[in-house]
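Coordinate-derived values only; no laboratory data. As the structure is a prediction and not an experimental result, all values here were calculated from the model. Glycine also receives a Cβ, built like all others from the backbone with ideal geometry; neighbour counts cover every protein chain displayed.
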Amino acid sequence: MKSIIFTDLDGTLLDFQNYSYSVVESSVYQLQAQFIPVIFCSSKTKTEQQYYRKALHNTHPFIVENGSAVFIPVGYFPFRTSEKVTDYTVTEIDGFEVIVLGETFSKVRQGIEQARREVDLQLWGYTDLSLKEIMEITHLESEFAQRAATRDFSETLLKGGKSSEKFKEFQELLVAQNLSCVSGGKFHTVMGAGSDKGRAVQVLTKLFNIQFGRIQTIGLGDSANDLPLLQAVDQGFLVQRQDGSWLDVDDESIQKVKGVGPEGWVKVAQSLISV
Ligand SMILES: [Mg+2]
């Protein structure tokens, strides 16, 4: 049966501190040689993921901004996506068929601005900060920070009082506006309530089913925003976080793999590679 891997990037495929992919690189190429697609499923933007797709010679579809949209290279499937997906809008952008599950960036920004005004909370996203500040907070270099700030469907809260009581109120106000706010480990992401990584994985899995029949789906993640992804696949794996702990989950079907971030990722990848 064909296997397909859906993977988070930050802290899972990529090193949590320096975003390096050196640990996973040779396993990624081994998977490619065995025609096992690795599908990125991350809070990262299209522009950011394009960088890593190019670096790792990945030509597969990818899921951006925490499940807000699925990008499928035109011609990837032997059918038009728009003919098979009827629940969501499908548009064509820069050689991709794009399934949009989330909200527009302007709706998300308006929601944040209104909610933080109402609860009187100081919170800053990419749009509120200078490139220099973004670089200091994210430890991204200039061109990487610019890619992260180029957003279509979601906003990331980079700075502000997330531990305060007011933050709960702020989150509730977002929910009232049909938005959601989830933690990706380092930062919270705000986006349309109708989208999460799990829904995006389900939409894409259906397309793979049309092409290949039954497939085996594998998911890898490290944070709370990966839970819907890990529950949408046949077998979900949690890698260890920086401090050696795993995300606290009730779901016993999700396996905890030993190895921090990419180290754990490689273990799962190697178990799928046949010699
Ligand atoms: Mg992560």
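Here are a few things to note about the model shown:
- Charge context of Leu14, other residues only, Cβ under 15 angstrom, K/R +1, D/E -1: -3
- 14 Å beta-carbon shell around Val64, net charge (K/R +1, D/E -1): -3
- Which listed pairs, of Lys186/Lys206; Lys44/Lys159; Lys168/Lys197; Lys44/Lys186; Lys44/Lys197; Lys107/Lys132, have C-alpha distances above 20 Å, in listed order: Lys186/Lys206; Lys168/Lys197; Lys107/Lys132
- When you restrict to C-alpha pairs under 8 Å that are six or more residues apart and normalise by the size of region 105-192, the relative contact order lands at 36 percent.
- Counted without the sites themselves, the longest stretch of the chain free of GluC sites (Glu not before Pro) in a DSSP loop having at most 12 other beta carbon atoms within 10 Å is 1-140.
- Translational D in µm²/s for the chain (Stokes-Einstein at 4 °C, 1.567 mPa s, Kirkwood Rh from C-alpha pairs): 68
- Relative counts (whole %) of C-alpha pair distances in region 105-192, using bins that are 5 Å wide: 3, 15, 27, 26, 17, 9, 3, 0
- Cα long-axis angle, helix 165-176 against the chain (0 to 90 degrees, to the nearest 10): 70
- In nm, spacing of pseudo-spin labels at Ala33 and His57 (7 Å Cα→C-beta vector): 1.0
- Measuring nothing but how far apart in sequence close Cα pairs (under 8 Å, 6+ apart) lie, relative to its length, the chain scores a relative contact order of 23 percent.
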